[in-house]
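The structure appears below as structure tokens.
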Amino acid sequence: MAKSRFQPPRPPGRSPRNVLLALALGVCGGAAFFYLHLPLAWMMGSLAFCLLGSLAGLPLHMPRNIRPVMLALIGVLLGSNFDPSLFDRIESWFVSLSFLGLFIIAGATLCYLFLRHVARLPLPTAFFGALPGGLAEMAAFGESVGGDIRKIILLQSFRILIVVLTLPAVLWLVLGVWPAPLVDAGSQAAWWPGAAESLWLLVTAGVGWRLALLLRLHSPALIGPMLLSAVIHLTGISAFHPPLLFIAGAQLVMGTSLGSGFAGMKHRDFGTSILCAGATTSILILLGLAFAWVLVQLTGLPLVDLMLAFAPGGLSETSLVALSLQATVSFIAVHHVVRVFLITLLAPLFYLRVGGGLKQQGRGD
């Protein structure tokens, strides 16, 4: 295999000054988007400003241990939107979940063919770069079979980035709806935390996270608090909602972390990766729209719910868009969790069984 000329981003130093610079830039971006009444202002604004700062060569850095804490807060927020009425509609979910497997197979196949035969990436890199699964898992699996972990990470990261930046526009073009600012979209929560809400939030986030670690669930910081919060709200134990100040803070940190993650990347590498990820993400979005349209005819479920359920983005980011549209968060979250679970479970097994045959067919590449 030829030595790759692709260079990974070299993160800047981890000094407090670089962290404060990233946060300051994120706050400016979030405030600007909030002032303009743009959707998911604190996440989208901080992401856009920090991405531009990274490409401009600013030494931005966000500690990795901050993002899981914010994910736990978002998990509690998502779980608080589960309500008993979902049991009245759950039968129709099985139809869409059955189509989810077909979507994964079709989307992964088309993206693999593009990365392998158009972008000319090596087999393991193309295979694990094409799957809309968890970033860490796909990178680890790909590296274990000889893939270029740097390329896989960038392809997966850019997929999430492109979905976050384009999903509101896609929804506007297809449905004619524009996501409302999440922190003032008719939320039942207050801006400032009260003692009771803060206690419920911290206990639910901490206990849920710990239980998910014990059960070895995927993305424990997000899934554990979400499931525990859902149980609390579905059973009527409490009807608390996380304060809007916490929601805005979680969005800010997520956007800043994602945008700062590209600090140190060379422009050549950015251009190559964004083109490949743009093509594969476009394939997945268009395919998801087609599946959503078919399922509307079969089930009568809302098109916005189905579009978000089949969107190839991350659970936390897509669910925040769902909240801003007042879509069915429980339906969308379940589909994203199932998608990542199926890919994480089956992709390595599939590669080990058929990867040799694919390699034989592509030996002349």
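The values are calculated or read from the model by the stated rules, or taken from the named source; none is laboratory data. Only a predicted model underlies this, so the values are computations on that prediction, with no experimental measurement involved. When we count neighbours, we look across all protein chains shown, and the Cβ atoms used for this are built from the backbone with ideal geometry, even at glycine. Heads up: the accessible areas ignore ligands, DNA and RNA and are worked out on the full protein's heavy atoms, side chains in. Shrake-Rupley method; radii C 1.70, N 1.55, O 1.52, S 1.80 Å.
One table, with the values for the structure above:
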item	result
Label-point separation in nm, Ala24 to Val95, each point 7 Å along Cα→Cβ	5.5 nm
Hull-based mean projected area of the chain, where the convex hull spans the alpha carbons, in square nanometres	18.3 nm²
Dipole of the chain [Lys/Arg +1, Asp/Glu -1 at C-beta], most positive-end residue of Ser324, Val177, Leu165	Leu165
Accessible area per residue in Å² at 1.4 Å probe, computed on the chain	46 Å²
Whole-percent carbon and sulfur share, accessible surface of the chain, 1.4 Å	69 percent
Three-way shape call for the stretch 67-111 based on the alpha-carbon gyration tensor, with the a/c threshold at 1.5	oblate
Structure-based [θ]222 nm, the chain - -39500 (n - 2.57) summed over DSSP H runs of at least 4, per residue, nearest 500	-23500 deg cm²/dmol
The stretch 206-346, dipole about Cα centre (Lys/Arg Cβ +1, Asp/Glu Cβ -1), debye to the nearest 20	280 debye
Relative counts (whole %) of C-alpha pair distances in the stretch 112-153, using bins that are 10 Å wide	39, 55, 7
Accessible heavy-atom area order of His335, His267, His61, highest first, probe of 1.4 Å	His267, His61, His335
